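*Asks:* Structure provided below as structure tokens; questions to follow.
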Amino acid sequence: MFGFAHLWFPPERNCMVNFGKYFTRDEFVCSHTGEAKMNQDFLDKLNQLREYYNKPMIISSGYRDITHPIEATKRSGGAHTTGCAADVMVDRGDAYKVLELAFKVGMTGIGVAQKGSARFLHLDSIESSTERPRPTVWSY
């Protein structure tokens, strides 16, 4: 719409979120609420990673509201509820390269799912806390 496809003006925040050169709002929308409350610093890191990677990156999950079925089962909302996380579809050698670049751009949480057909990397840049210590890496 009028050249602003990558911009989103969240009603509850008095700021403009720029999804950057490589991504659109639609890629980060919560499938439960239709919202995409993404953090600008995280989006900047993800765009920098994509620039270095120099290949398309498919986002399988971005923002999730705390009412999203996956988040609702947790004691408290996960990284996706902060707007500082995304799951990227990638496998094998490409996963290795994305991991290397994720460390370079300052991602603090990395989840690795490399079994079966749903291969992805969870990437986040949330701050360390008692509940969510960072930096950390885990597997699914």
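Every number in this text was worked out from the coordinates using simple rules, so none of it is lab data. Fair warning: this is a prediction, and the values are worked out from it, not measured in the lab. Counting neighbours? That spans all protein chains shown, and the Cβs are built from the backbone with ideal geometry, glycine included.
*Asks:* In the P(r) worked out for the chain, what percent of Cα pairs fall beyond 24 Å?
*Replies:* 27
*Asks:* Any lysines with Cα under 23 Å of the residue 97 Cα? List them, leaving off those in the same chain fewer than 8 positions away.
*Replies:* Partners found: 21, 45, 55, 115.
*Asks:* Can you compute the helix-only [θ] at 222 nm over the chain? Use -39500 (n - 2.57) per DSSP H run of at least 4 residues, normalise by all residues, nearest 500 deg cm²/dmol.
*Replies:* Helix-only estimate at 222 nm: -7000 deg cm²/dmol.
*Asks:* So if each residue of separation counts as 0.36 nm, and I subtract the Cα-Cα distance between residue 24 and residue 128, what length gain in nm does that give?
*Replies:* Working it through step by step, the gained length comes to 34.7 nm.
*Asks:* Using modelled backbone amide H atoms (1.01 Å from N, in-plane), which distant-in-sequence or interchain residues come within less than 5 Å of residue 112's amide H?
*Replies:* 122, 138, 139, 140
*Asks:* Per residue and in Å³, how big is the convex hull formed by the alpha-carbon atoms of the range 72-140?
*Replies:* Expressed per residue, the convex hull around the Cα atoms of the range 72-140 is 91 Å³.
*Asks:* Report the net charge of residues surrounding residue 22, where surrounding means a beta-carbon distance below 14 angstrom and charges are Lys +1, Arg +1, Asp -1, Glu -1.
*Replies:* Once all neighbours under 14 Å are counted, the net charge is +1.
*Asks:* So, counting K/R as plus one and D/E as minus one, what does the shell of residues with Cβ under 11 Å around residue 53 add up to?
*Replies:* Charge balance near residue 53 sits at +1.
*Asks:* Working out 0.36 nm times the residue gap between residue 74 and residue 138, then minus their Cα-Cα distance, what length gain in nm do you get to one decimal?
*Replies:* Once the chain is fully extended between residue 74 and residue 138, it gains 21.3 nm.
*Asks:* Scan around residue 64 for amide H atoms under 5 Å from its own, H built in the peptide plane at 1.01 Å from N, and keep only partners 5 or more places away or cross-chain.
*Replies:* Sorted by chain and number, the residues that satisfy this are 81, 83.
*Asks:* Could you tally the net charge around residue 135, taking each other residue with its Cβ under 14 Å from the Cβ of residue 135, Lys/Arg +1 and Asp/Glu -1?
*Replies:* +2
*Asks:* If you build a Gaussian network model of the chain, linking Cα atoms that sit under 10 Å apart, which residue out of 125, 31, 61 swings the most?
*Replies:* Looking only at 125, 31, 61, the largest GNM fluctuation is found for 31.
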